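Only the coordinates and a few stated rules stand behind these numbers; no lab work does. Every value quoted in this text rests on a predicted model; they were computed, and no experiment measured them. Counting neighbours? That spans all protein chains shown, and the Cβs are built from the backbone with ideal geometry, glycine included.
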Amino acid sequence: MAPDRPAAARVFLVLFAMLAIITDVVPAAAQLDRLRKFKKDPESAQAEQAPMGAIPAGKFWMGVDGLQGLDDERPRHEVFLDTYAMDLYEVTVGRYATFLKSTGRLPPLFWDTVDLNEHRDRPVIGVDWEDADVYCRWAGKRLPTEAEWEHAARGTDERRYPWGHETPVQSLANYAIGARFSYSQTLMPVGHYEKGRSPYGMYDMAGNVWEWVQDWYGTNYYETSEERNPRGPSEGQFKVLRGGSWSELPKYLLTYGRFKLPPSTRNSYTGFRCAKS
């Protein structure tokens, strides 16, 4: 049977165009590797996989006990998680721009103020929960569960902040800088706070932007949470966010702190990162 020459020609032109775009900036070996990935999985290859940190299987203590924390952060309970990986950085404007170009999805809130040359390494904001979920799936990943997020930020020593128990200062996180938003003045480039990393090497898990996670919010969920790989309530009115943002006081940067919003919310202080089983 004769090959479909028009279809084959179209594929060749697409691959040739990609090669032309990257020739000046990517070494030859990397070009070939990228083209192989594109042939195998076009959408995931375009995501230019963000660096991730591996988190080994094991137990950790989630939440708090006694007079610490709020009612929905209690009780302290032990959780076992299988091995997973987490993005080292919050999803950036640059990566999200690639996603928009690839999918044709409507841009997030405040996108008209974006200057890619200046803001590409800032965390994207103005995304609702579905935007974050769709992006992670497009990138071959998923949103982290609430338990995965807390473990990645807190480790196994029940630290109050990603870097330890030390009260936040401006050299550790981006927080409490006012209520007026601009990409240039309120958001910091991802990975800026070297001393603020979590035990597993994740940056900005306190401050910069709140991060959507996979779970529905349940006020009393910790009382009935599964002991192994909890996924949150099966339904709800709100989705959980973690980590605090550029506008928050230190008490909102705690590793066990919980926040909730309707999943359709878009604002200037919410972004996300992805995970992978």
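Tabulated results
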| quantity | calculated |
| --- | --- |
| Inter-label distance, nm, simple model (7 Å from Cα along the C-beta direction), LYS101/SER234 | 4.3 nm |
| Ratio Rg/Rh [Cα only; Rh per Kirkwood] for the range 50-276 | 0.94 |
| Sequence-separation-based contact order of the range 70-174, relative, with Cα cut under 8 Å and 6+ spacing, percent | 23 percent |
| Placed amide H near GLY271: partners under 5 Å, 5+ positions off or other chain | TRP210, GLU211, TRP212 |
| Two-site label geometry, ASP82 and LEU116: point separation in nm, points 7 Å out along Cα→Cβ | 3.7 nm |
| Shape of the range 148-277, Cα gyration tensor, a/c cut at 1.5 | oblate |
| Under 5 Å, built H, 5+ apart or other chain: amide partners of ASP215 | GLU146, VAL240 |
| Ascending count of other beta-carbon atoms within 10 Å, so fewest first, for HIS77, HIS151 | HIS77, HIS151 |
| Residue order, fewest to most beta carbons within 10 Å, for HIS119, HIS165 | HIS165, HIS119 |
| Flagged links, alpha-carbon separation over 27 Å, of LYS195/LYS276; LYS59/LYS251; LYS59/LYS239; LYS101/LYS251 | LYS101/LYS251 |
| Two-site label geometry, ILE177 and ASP65: point separation in nm, points 7 Å out along Cα→Cβ | 3.9 nm |
